[in-house]
Amino acid sequence: MKRPLLFLRVIVMVLFIGFTTLPVSAANSSGLTLTPRRDYILNPGQSTPSTLPVTNLNSKLSLTLTLRVIDFTFLNSTGTPKLIVNQNTPQTSWSIKPFITLPSTVTLGPEASKDIPINVSVPSNQTPGSYYGAVEYVAAGTDDSSVNLNASGVSLVFLTVTGQAHQSMSLQKVGAYQTDSSAIGGHYVSFATSAPNEIGYTLKNNGNLVESPIGSVTVTPAYGKNTINISNINRNNESALIGQARLFTTCVNNQKKVLIFYNSPVVTNYCAKPHVTIGHNNIKLDIFYGQAGDTTREITGIASFWYVPWWFIFSGLGVIVAIVLGFTILIIKIRRALNIESPDEETEEEEE
């Protein structure tokens, strides 16, 4: 069950957070094809016109799209966003709403595509940093049919305003990581009976810039030479949002496979069976982050874990039992050979 769960996590992060670039068709719903993510880097006082391509997949029904910009934050330590759809909720400090203009409605014919115009404009006195939000699409049939919820979706929009932004990340935890069926998809382990398939690290983003760390991990056994070097610990270019304590994971033995998703090939990473040395293993983490053109910052961390499989435990117990049993049998044989009587027997003879 571990590999399907891992693949599901990858698909969720790609479709909703969009921190990797996929073909547009990979963002399909049953009603619309959307652009998962748009990124902009602008100077204060600069603006740029752009478009958001959208396609109506329905071969018979025309759709009228209602568009609006909404804020989002993080749901938990994973990459899944939490959309803020309530219009009465106060605007976030990183909201992109003030910078975007776009039409409120767009009509699409059956199987028709259209480039929705969007303009991003930054005031000249804007504070440098990251600003983000989501363009929400809600579609209804043009023949007065009810709203088609399957023809709804979002495109995430990220804006970086250049300048001296506040960049600060701190390492909260690093260690061996095992996937499971929990909400965040796994947990840290210090003692494992099955080889950990991932190394995890949790970073807190204390700045005002969305950060995508890079770096490497080394797993070194206390005994032996089976050192594991992981050169790219953020293969999907995942990011930590402002204020988020973001969990990142990297495969101990990363492999690639090609999957067909909505008739398009998608290359994805998956965790193959790791080759971890039995016993005590040390982890060394080396992370770098920073905005392009700015000072690169470094974070290091160390941790360790024990990997002792059940077969090894049972084998060890079997050896101990065999040694104890053998020693007991040996003592009995020696006592018999020397004809050594027990103290109780000697007492009985004296009384007679």
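The values are calculated or read from the model by the stated rules, or taken from the named source; none is laboratory data. Bear in mind the structure is a predicted one, so any value in this text is a computation, not a measurement. With ideal geometry, Cβ positions are generated from the backbone for all residues, glycine too; neighbour counts draw on all protein chains shown.
Condition first: modelled with pLDDT of 90 or more, outside any loop (DSSP other than H, G, I, E, B) and buried (at least 16 other Cβ atoms within 10 Å of the Cβ). Now tell me which residues in the range 150-171 satisfy that.
154, 155, 156, 157, 158, 159, 160, 161, 169
Looking at the range 182-228 only, could you name the residues that are in a loop (DSSP other than H, G, I, E, B), aliphatic (A, V, I, L, M) and under 19 Å from the mean Cα position of the chain (by Cα)?
Scanning the range 182-228 gives 183, 184, 209, 210.
Report, by residue number, each residue of the range 34-43 that is in contact with a strand residue (DSSP E or B) (Cβ under 6 Å, 6 or more places away or on another chain), in a loop (DSSP other than H, G, I, E, B) and not hydrophobic (A, V, I, L, M, F, W, C).
35
With the requirement that a residue be farther than 24 Å from residue 246 by Cβ and surrounded by 15 or more Cβ atoms within 10 Å (Cβ to Cβ), what does the range 273-307 give you?
Selection gives 276, 277, 278, 281, 306, 307.
Out of all the residues in the range 38-51, is one or more of a type in the set (Phe, Trp, Tyr), in contact with a Gly (Cβ under 9 Å, 6 or more places away or on another chain), outside the structural domain of residue 208 (by TED's automatic domain parsing) and under 25 Å from residue 238 (Cα atoms)?
Checking the range 38-51: not a single residue is of a type in the set (Phe, Trp, Tyr), in contact with a Gly (Cβ under 9 Å, 6 or more places away or on another chain), outside the structural domain of residue 208 (by TED's automatic domain parsing) and under 25 Å from residue 238 (Cα atoms).
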